[in-house]
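The values are calculated or read from the model by the stated rules, or taken from the named source; none is laboratory data. Computed from a prediction, not measured in an experiment: that's the story for all the values here. Cβ placement follows ideal geometry from the backbone for every residue including glycine, while neighbour counts extend to all protein chains displayed. Surface areas here come from the heavy atoms of the whole protein model, side chains and all, with no ligands, DNA or RNA. Shrake-Rupley method; radii C 1.70, N 1.55, O 1.52, S 1.80 Å.
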Amino acid sequence: MNVHAQNTLTEAETALIDSFAGRFSDLPGDADVTVRRDEALELLKQGLPTRRVEAWHYTDLRRLLSTIPAFKPVSEAEAVAPLLDHAVVLPVLNGTVHDREAGPEGVAIARLADKLQEGAVEAEWLTAADRFDAVGAVNAAFVSDGYWLDIEEDAELEHPLELQNIHAGGQVHARFVANFGVNSKATVVERQTGAGSAFATSMTHLDVADGAEVLWIVLQEQPDDTAYLGRFSAKLGKGAKLTLFVMNSGGKLVRQEVKVVAGGEGSEFKLRGVNLLGGEAHCDVTMVLDHTAPDTFSTETLRNVVTGKANGVFQGQIRVAQIAQKTDAKMACNTLLLSDEAGFSSKPELEIFADDVACGHGATVTDIEDEHLFYLMSRGIDEKMARGLLVKAFVAEVIEELEDQSVIEALEARLVNWFAEHG
Amino acid sequence: MLKIENLTATVGEAEEAKQIINRLTLEVPAGEVHAIMGPNGAGKSTLSYVLTGRSGYEVTGGSATLNGDDILEMEPEERAAKGMFLSFQYPVEIPGVPVMTFVRTAMNSQRKLRGEEEISAPDFIKKSREIAKQLKLDAEMLKRPVNVGFSGGEKKRLEIYQMMMLEPNFLILDETDSGLDIDALKIVADGVNALRSPDRAVMVITHYQRLLDYIVPDTVHVLYRGQVIKSGDKDLALELEKNGYTGVIDAAA
Ligand SMILES: Nc1ncnc2c1ncn2[C@@H]1O[C@H](COP(=O)(O)OP(=O)(O)OP(=O)(O)O)[C@@H](O)[C@H]1O
Ligand SMILES: [Mg+2]
């Protein structure tokens, strides 16, 4: 580690580090956790990553993270209506869980704060992956609460669960753990939102056991002046199936990391991403997917709509280990750029060490086609509406691939909302 | 009904603009069917795009009016609301937009532009069912995205479905017959004929006499190099089918 690399910290870096002193006494955790927090803080003192760090090349965190607000009282944040009807809502308000509901049958729900206090969290999980793991470091230093879910073997949850990380401005740092038992089946929504300018981080880890089937939906709808750093990680058992649907439609600075290990033979991972970027948003989705077992299967489809002065990034890295023969992986990233000042960078990377695999990727950046526009207009639809229909259709294609009609409708309603505000 | 006078139009951007329609004059009175024939590249499709307002097609002279209204100044959707309809030579695939959503949006937009009430959902569905049945279109197809994965003939039938749903009063059929099997040709022709009325008119662009056996034209025009070089009754189509365009072109030269 080169301590001299950055000798002066930015204002935001200083504010972040300084905010730890005042916050520390409120943070849960046993002695081990405290050690991890201190280690993470030491990393932060070396400065945030810049574009010179490969993983942050398109998102110069040090430059883009310009302000760090102070922490706010818990009582100011309120839970929001769930995406799906009948969902069991599990809110974290300004970084704290209170009034925890008893979970539905088949799920044991615990507070993350209690787990930290009891020393139930593996040290590794509170350690930044490397010097430049800013998401891991900030969250490890500051994490205050969240939920820990254990879904029983063979349980098929009748209703979806909805985890909410809600702020009222200020800083929030949450974590979620979900362990899906063998052959269990569930739909979980993760909401990242709030009101007011904030700095929010959130990390989620899933352990999907053999034969389990999970649909996990991340809805990131942060206010326009909020910085959000998130990470979703998952480990898949034999024949496990995970669909991760990520919809980013807010935030000023957003980094959503996805780290998945398809480690069980015959496991399947699907990433479906929709990025709706407007205003001056900068949104970065960075995925690292490891295929480490034979016969694993993955597809990643991203559809991005970028308007105004917004800027989007998708980095998709697929690594296929030598043992992972017969891996089938397909990645596609398609973007509609609706303004000259908007931008999108896409960086696919395949690292293949097995010889019998089928892997591919493709990326396109386009505008709406005149031919399509004219066809609609010649039937009596005005230009604005025709554009709206075409843009919506472009993203709706990804949503409509999902199986559950109620999920499709709920997500499409969010789409319509976004277009009403930004169209 | 439709009156085109000395129309001149170019295709393409600025310096590369190419004059395709060349002082063209043509009138299609209400209640009539006019066929437009002519060799490949004569400007038939171009004329249909100019009349419906496609961008990239610039009118540099002359006029075109529909029932006295200057349509060339209008946006494409306004022309549609006035009753213009083009059955495309090459219908476009629109991923993600289901046929029913599209047609209903179009119908209601047109109605709104005309200051009429929206159609109710049940009425729309009923109408759609009847027309789909008449055109032997599978109901499932109407839930699929517009033209995506449709066969050539299905695309053409879908154009006619849209036409019958929207009930325009000036119909332009650009080679709707190409790609249709014999039964489909008959079905499509029946659809067009069902719309014929004293206050509607039809412009049929075709290369083949066969369609004109079913949709019988009052007048046949030969278009060549962006101009009408000959007009005649329906026998002209028969004559062209037998002898080709050479004689007609030579006589006009
Ligand atoms: N965008 C364009 N730029 C330049 N030339 C064009 C463009 N579009 C059409 N043209 C030319 O205009 C001429 C007329 O084309 P058009 O499609 O109208 O012919 P058509 O009579 O419909 O022929 P067909 O019977 O083959 O359908 C052709 O020579 C064509 O190449
Ligand atoms: Mg043509």
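Matching residues to (1) more than 16 Å from ligand 2 (Cβ to nearest atom); (2) within 22 Å of A:Ser378 (Cα to Cα); (3) hydrophobic (A, V, I, L, M, F, W, C):
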site	(1), (2), (3)
B:Ile21	no, yes, yes
B:Glu32	yes, no, no
B:Met37	no, no, yes
B:Ala42	no, no, yes
B:Ser45	no, yes, no
B:Asp69	yes, yes, no
B:Leu72	yes, yes, yes
B:Ala80	yes, yes, yes
B:Ser87	no, yes, no
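Look through the range B:80-98, keep the residues that are closer than 18 Å to B:Pro168 by Cα and not in a loop (DSSP other than H, G, I, E, B), and return whichever of them is nearest to the other protein chains (Cβ to nearest Cβ).
So, considering only residues that are closer than 18 Å to B:Pro168 by Cα and not in a loop (DSSP other than H, G, I, E, B), the one nearest to the other protein chains (Cβ to nearest Cβ) is B:Ala80.
Would you call B:Lys112 surrounded by fewer than 20 Cβ atoms within 10 Å (Cβ to Cβ), free of Cβ contacts under 8 Å to residues at least 24 places away in the same chain, away from chain A (no Cβ under 12 Å) and of a type in the set (Lys, Arg)?
In short, no.
Quick one: B:Glu93 ticks every box in (1) open to solvent by 30 Å² or more (accessible area, probe 1.4 Å); (2) within 16 Å of ligand 1 (Cβ to nearest atom) bar one, so which box is it?
(2)
Looking at the range A:180-207 only, could you name the residues that are aromatic (Phe, Trp, Tyr) and within 26 Å of A:Phe269 (Cβ to Cβ)?
The answer is A:Phe180, and nothing else.
Could you figure out which of (1) among the polar types (S, T, N, Q); (2) more than 9 Å from ligand 1 (Cβ to nearest atom); (3) under 13 Å from B:Tyr224 (Cβ atoms) isn't true of B:Asn40?
(2)
Since A:Arg62 meets every condition but one in (1) in contact (Cβ under 8 Å) with a residue 12 or more places away in the chain; (2) closer than 21 Å to A:Val143 by Cα; (3) not in a helix (DSSP H, G or I); (4) not aromatic (Phe, Trp, Tyr), which condition does it not meet?
(3)
Would you check if A:Gly380 is among the small types (Gly, Ala, Ser), more than 14 Å from every other protein chain (Cβ to nearest Cβ) and open to solvent by less than 30 Å² (accessible area, probe 1.4 Å)?
So A:Gly380 fails the test.
Does the range B:67-78 contain at least one residue that is over 18 Å from the mean Cα position of the chain (by Cα), within 15 Å of ligand 1 (Cβ to nearest atom), part of a strand (DSSP E or B) and farther than 30 Å from B:Glu140 by Cβ?
There is no residue in the range B:67-78 that is over 18 Å from the mean Cα position of the chain (by Cα), within 15 Å of ligand 1 (Cβ to nearest atom), part of a strand (DSSP E or B) and farther than 30 Å from B:Glu140 by Cβ.
So, of the residues in the range A:66-120 that are of a type in the set (A, V, I, L, M) and assigned to a helix (DSSP H, G or I), which turns out to be most open to solvent (accessible area, probe 1.4 Å)?
Selected residue: A:Val74.
Pairs only if they're at least six apart or on different chains, beta carbon under 7 angstrom, first in the range B:46-65 and within 14 Å of chain A (Cβ to nearest Cβ), second of a type in the set (Ser, Thr, Tyr) and open to solvent by less than 10 Å² (accessible area, probe 1.4 Å); list them, first residue then second.
So the pair list comes out as B:Thr52/A:Ser378.
Being surrounded by fewer than 23 Cβ atoms within 10 Å (Cβ to Cβ), over 14 Å from A:Lys72 (Cα atoms) and within 18 Å of the chain's Cα centre (by Cα) narrows it down to one of A:Val182, A:Val177, so name that one.
Checking each option against the conditions leaves just A:Val177.
Return the residues of the range A:383-418 that are within 12 Å of another protein chain (Cβ to nearest Cβ), within 23 Å of the chain's Cα centre (by Cα) and not aliphatic (A, V, I, L, M); say none if nothing qualifies.
Selection gives A:Lys392, A:Phe394, A:Glu397, A:Glu400, A:Glu401, A:Glu412.
Mind listing whichever residues of the range A:192-203 are within 16 Å of A:Leu83 (Cβ to Cβ) and either within 10 Å of the chain's Cα centre (by Cα) or surrounded by 24 or more Cβ atoms within 10 Å (Cβ to Cβ) (or both)?
Those that are within 16 Å of A:Leu83 (Cβ to Cβ) and either within 10 Å of the chain's Cα centre (by Cα) or surrounded by 24 or more Cβ atoms within 10 Å (Cβ to Cβ) (or both): A:Gln192, A:Gly194.
Which residues, taken from the range B:207-224, are within 14 Å of ligand 1 (Cβ to nearest atom) and at pLDDT 95 or above?
B:His221, B:Val222, B:Leu223, B:Tyr224
Say whether the condition of being more than 16 Å from ligand 2 (Cβ to nearest atom) and open to solvent by 30 Å² or more (accessible area, probe 1.4 Å) is met by at least one residue in the range B:49-56.
yes
One residue is enough: does the range A:347-368 have a residue meeting the conditions in contact with a Pro (Cβ under 8 Å, 6 or more places away or on another chain), open to solvent by less than 70 Å² (accessible area, probe 1.4 Å), within 14 Å of chain B (Cβ to nearest Cβ) and within 30 Å of B:Leu166 (Cα to Cα)?
No: zero hits.
Being among the polar types (S, T, N, Q) and part of a strand (DSSP E or B) is the filter here, so list the residues in the range A:162-202 that pass it.
Once the filter is applied, which keeps residues that are among the polar types (S, T, N, Q) and part of a strand (DSSP E or B), the range A:162-202 yields A:Gln164, A:Asn165, A:Gln171, A:Asn179, A:Thr187, A:Gln192, A:Thr193, A:Thr201, A:Ser202.
Out of the residues in the range A:121-158 that are buried (at least 20 other Cβ atoms within 10 Å of the Cβ) and β-branched (Val, Ile, Thr), state the one that is farthest from A:Gln256 (Cα to Cα).
A:Ile151
Show the residue pairs that are 6+ apart or on different chains and have beta-carbon atoms under 6 Å apart, the first residue being within the range B:219-246 and closer than 15 Å to B:Thr206 by Cα and in contact (Cβ under 8 Å) with a residue 60 or more places away in the chain, the second being open to solvent by less than 60 Å² (accessible area, probe 1.4 Å) and charged (D, E, K, R).
Pairs that qualify, where the first residue is closer than 15 Å to B:Thr206 by Cα and in contact (Cβ under 8 Å) with a residue 60 or more places away in the chain and the partner is open to solvent by less than 60 Å² (accessible area, probe 1.4 Å) and charged (D, E, K, R), are B:Leu223/B:Lys44.
Considering only residues of the range B:79-89 that are away from ligand 1 (no atom under 16 Å from the Cβ) and not basic (Lys, Arg), which is surrounded by the most Cβ atoms within 10 Å (Cβ to Cβ)?
Per the criteria, the residue is B:Ala80.
Please go through the range B:177-199 and give me each residue that is over 18 Å from B:Gly152 (Cβ atoms) and either within 16 Å of ligand 1 (Cβ to nearest atom) or surrounded by fewer than 19 Cβ atoms within 10 Å (Cβ to Cβ) (or both), ordered by number.
Matches in the range B:177-199: B:Asp190, B:Asn193, B:Ala194, B:Leu195, B:Arg196, B:Ser197, B:Pro198, B:Asp199.
I'd like the full set of residues that are part of a strand (DSSP E or B) and farther than 30 Å from A:Val391 by Cα, limited to the range A:329-359.
Within the range A:329-359, A:Glu351, A:Ile352, A:Ala358 meet the criteria.
So for the range A:159-168 (the condition being closer than 30 Å to A:Asp225 by Cβ and polar (S, T, N, Q)), does at least one residue qualify?
Yes, some residue in the range A:159-168 is closer than 30 Å to A:Asp225 by Cβ and polar (S, T, N, Q).
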